[in-house]
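Let me begin by presenting the structure, written as structure tokens, before commenting on it.
The values are calculated or read from the model by the stated rules, or taken from the named source; none is laboratory data. Note that the structure is a prediction, hence the values are computed from the model and not measured. A quick note on method: Cβ atoms are made from the backbone with ideal geometry, for glycine too, and the neighbour counts reach across all protein chains shown. All accessible areas refer to the heavy atoms of the entire protein, side chains included, with ligands and DNA or RNA removed. Shrake-Rupley method; radii C 1.70, N 1.55, O 1.52, S 1.80 Å.
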Amino acid sequence: MHIHPVHDKYSIDNEGNITGPRGSISPYSIAKPNRRSTYRALDLAGGTTYSAHRFIWECYNGRLIGEGLVIDHLDGDSENNHPTNLDECTAKENMQRATDMGLVTYHHGSQHHCSKLTEEEVHVIILRILKGHSRKVIADDYGRSKSTIQDIASKKNWKHVWKTIEGNNYE
């Protein structure tokens, strides 16, 4: 039995089954806090609400989660709260793991929901930047801000288009 480091009336067994003051709590009877969340929430006595996976990790490891750290589901399944499937890591590590597993996809360039330019337009903008055209003139030509053109010029945005140009030795 693994007792929670703060809420000592609650514990888990080696499988992650939770026991509280009123007896066993099935992990699947724990409600999801809202329809957008994939994590189950555990309401403790006294009004404290915990994400089940975080609570189970803390019980199993006998300590609170480190400051600035998150709990990752190693198999990518947010319903699998078995203690051996939970790992403490940084948010960056968590996102990288999710990306590696194909759970998260990033939309770049014109596929991004905020994009106002196409790859073809950015390609021409980069060629104009490389030829020394004024960023203000380029911005005016495309109806964009000078800072948008500067972000392209500094490779802050549209790096994938820069790579195609640099790969063709346009610089």
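The residues of segment 149-168 that are of a type outside the set (Gly, Ala, Ser), assigned to a helix (DSSP H, G or I) and open to solvent by 50 Å² or more (accessible area, probe 1.4 Å), listed by number, are Gln150, Lys159, His160, Lys163, Thr164, Glu166. Here Asp72 meets the list (1) without any contact (Cβ under 8 Å) to a residue 40 or more places away in the chain; (2) more than 30 Å from Asn17 (Cα to Cα) almost entirely, failing just condition (2).
Got a number for residues in segment 40-63 being open to solvent by 70 Å² or more (accessible area, probe 1.4 Å) and under 21 Å from the mean Cα position of the chain (by Cα)? Residues in segment 40-63 being open to solvent by 70 Å² or more (accessible area, probe 1.4 Å) and under 21 Å from the mean Cα position of the chain (by Cα): 1 in total. Before we move on, is Lys136 charged (D, E, K, R), part of a helix (DSSP H, G or I), open to solvent by 50 Å² or more (accessible area, probe 1.4 Å) and at pLDDT 95 or above? Here the answer is yes, as Lys136 does meet what is asked.
Scanning segment 96-133 for residues that are among the aliphatic types (A, V, I, L, M) and either open to solvent by 80 Å² or more (accessible area, probe 1.4 Å) or on the phi > 0 side of the Ramachandran plot (or both) gives Met101, Leu103. Restricting to segment 45-69, give me the number of residues that are assigned to a loop (DSSP other than H, G, I, E, B) and either without any contact (Cβ under 8 Å) to a residue 12 or more places away in the chain or under 24 Å from Gly23 (Cβ atoms) (or both). Qualifying residue count, segment 45-69: 6.
Here segment 15-38 is the region considered, the condition is being of a type outside the set (Val, Ile, Thr) and modelled with pLDDT of 80 or more, and the residue that is most open to solvent (accessible area, probe 1.4 Å) is Arg22. Contact annotation: residue pairs with Cβ atoms under 6 Å, 6 or more positions apart or on different chains, pairing a residue in segment 142-159 that is closer than 20 Å to Gln111 by Cα with a partner that is modelled with pLDDT under 95 and outside any helix (DSSP H, G or I), are Asp151/Asn157; Ile152/Trp158.
To keep it simple, each residue is scored yes or no on (1) of a type in the set (A, V, I, L, M, F, W, C); (2) within 30 Å of Ala52 (Cβ to Cβ); (3) modelled with pLDDT under 95.
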| site | (1), (2), (3) |
| --- | --- |
| Asn80 | no, yes, yes |
| Thr90 | no, yes, no |
| Ser110 | no, no, yes |
| Thr118 | no, no, yes |
| Glu121 | no, no, yes |
| Tyr142 | no, no, yes |
